[in-house]
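What follows draws every value from the coordinates through simple rules; no lab data is involved. None of the values given here were measured: they were computed from a predicted structure. Methodologically, a virtual Cβ is constructed for each residue, glycine included, from the backbone with ideal geometry; neighbour enumeration extends over all protein chains shown.
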């Protein structure tokens, strides 16, 4: 447990390598787009970021469900890592979207459904991270953030559709089916690059979270999964 | 069901006994409505156009006070722990409190309508529809609001956390309620009111269901 595991580090290295390769391909080899020109090349990181942000938050949602069903601490550590990753990727997504929107639409921000939903997601899940920071009892922190994560995740599609009805301007979604085949490979390589990068980082981050939990729950920590209700009792008996 | 009615009765009684607080929250909402008009300037056409948005923003801001207050009382003298020791279902406690909060917020919304009409000249004759929109919108605010207030009332920095968690979540309520109220005030030639009220109802149904499912886990320990 002292030595950090190599698996996640390999994933991170692989992710960075793929991301470099895919971006190099996208920036130099792939043809420019007819209407948008060079600006369009941001798509090679933007679209994979969007897929992976959704994936990371879905991962956090699954962790939240698993935690509430099993009460195993490992799901809390993974939830923390997955949610942080999802928020970071969503924030990156908004930033990239703004950089692309300025030369294309002439504005930094637009109230289109996906952009607005991403911003709402950043605040919703960022708020849950803030909640985690303000709760000292590990058992309560775990349960509350799992509950809040489930509520926020269920809310995402409602936000999306409500904003969609409210206003719409964004381009149709870019997937390998909707873009020319010359763009496929850099998109796919970058998608896997970002996927490996964040899963590797989640592996490392959840280990940090697990170690912090160990110190919070206090020695002696049983190796068996403690139930959530027992968590505070363990902490109490240690003192 | 009996638990629910008992909890509802307790919360409504508490609100009635603490009606000074209810009035203070209404005054806060009315003050917010007054301040919004300064942001726009004395352009009566623009004010009337944005009246529905101001009404719901004022209601949303005031609702965090009302929701936080509903659990503040439970934290004093560890009343919540006493409630949980009772042989009553936590689901009953949740729905009792959520319905009491709904009543409080709906009342607040209804009370803010005359203020909006006076300040922004935004009258409507479709009062029953307006009442329906207020009831649906406040239902959507109170279910997640009660769930989150239960968590944040027990944390440090609770005044910041409740709006931080609640506001992004209730974006659909705000959008739909503002649109629906605007249509009632400014006229609805295309008959667009129905989809927005349906959205409000769907949001409320979803959040009242998950709130009841998850509340037990939030207060247990």
I'd like the mean, over residues of A:152-158, of how many other protein chain beta carbons sit within 10 Å of each residue's own Cβ.
5
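Going by how many other beta carbons lie within 10 Å of each one, how would you line up A:216, B:76, fewest first?
B:76, A:216
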How far apart, in nanometres, would the label points at residue B:46 and residue A:38 be if each is projected 7 angstrom from Cα along the Cα-to-Cβ direction?
4.0
Here Rg/Rh (Cα, Kirkwood) for the stretch B:11-61 equals 1.15
To the nearest 0.05, the calculated FRET efficiency linking residue A:136 and residue A:167 through their beta-carbon distance, R0 being 41 Å, is 0.45
Quote the Stokes-Einstein diffusion coefficient, in whole µm² s⁻¹, for the stretch B:1-145, based on the Kirkwood radius over alpha carbon pairs, a temperature of 4 °C and a viscosity of 1.567 mPa s.
80
Given the stretch A:52-211 reduced to its alpha-carbon atoms as identical point scatterers, what log10 I(q)/I(0) does the Debye formula return at q = 0.08, 0.13, 0.16, 0.17 Å⁻¹?
-0.27, -0.68, -0.96, -1.05
Sum -39500 (n - 2.57) across every DSSP H segment of at least 4 residues in the protein assembly as shown, then divide by the residue count to get the 222 nm mean residue ellipticity, nearest 500.
-27500 deg cm²/dmol
Rounded Å value of the spacing that divides the Cα centres of the stretch B:118-158 and the stretch A:56-107
28
If we sort B:3-11, B:198-206, B:138-146 on the protection proxy, mean other Cβ atoms within 10 Å, highest first, what's the order?
B:138-146, B:198-206, B:3-11
Listed highest first by mean packing, meaning other Cβ atoms within 10 Å per residue, what order do B:89-97, B:150-158, A:7-15, A:105-113 come in?
B:89-97, B:150-158, A:7-15, A:105-113
What is the calculated FRET efficiency for residue A:95 to residue A:184, with r their C-beta to C-beta distance and R₀ = 35 Å, to the nearest 0.05?
0.90
Shielding of B:203-214 by partner chains, average beta-carbon count, 10 Å:
3
Can you work out the FRET efficiency for the pair residue B:127 and residue B:198, with r the C-beta to C-beta distance and R0 = 22 Å, to the nearest 0.05?
0.60
Number of partner chain Cβ atoms within 10 Å, mean per residue of B:145-156
4
Run the quick spin-label model on residue A:20 and residue A:214: label points 7 Å from Cα toward the beta carbon, then report their separation in nm to one decimal.
3.3
Nearest-ten-degree value, helix B:158-169 long axis tilted from longest Cα axis of chain B:
60
Taking springs between alpha-carbon atoms closer than 10 angstrom, which of B:71, B:38, B:28 fluctuates most in the Gaussian network model of chain B?
B:38
With a Cα-only, solvent-free Debye model of the protein assembly as shown, what are the log10 I(q)/I(0) values at q = 0.07 Å⁻¹?
-0.42
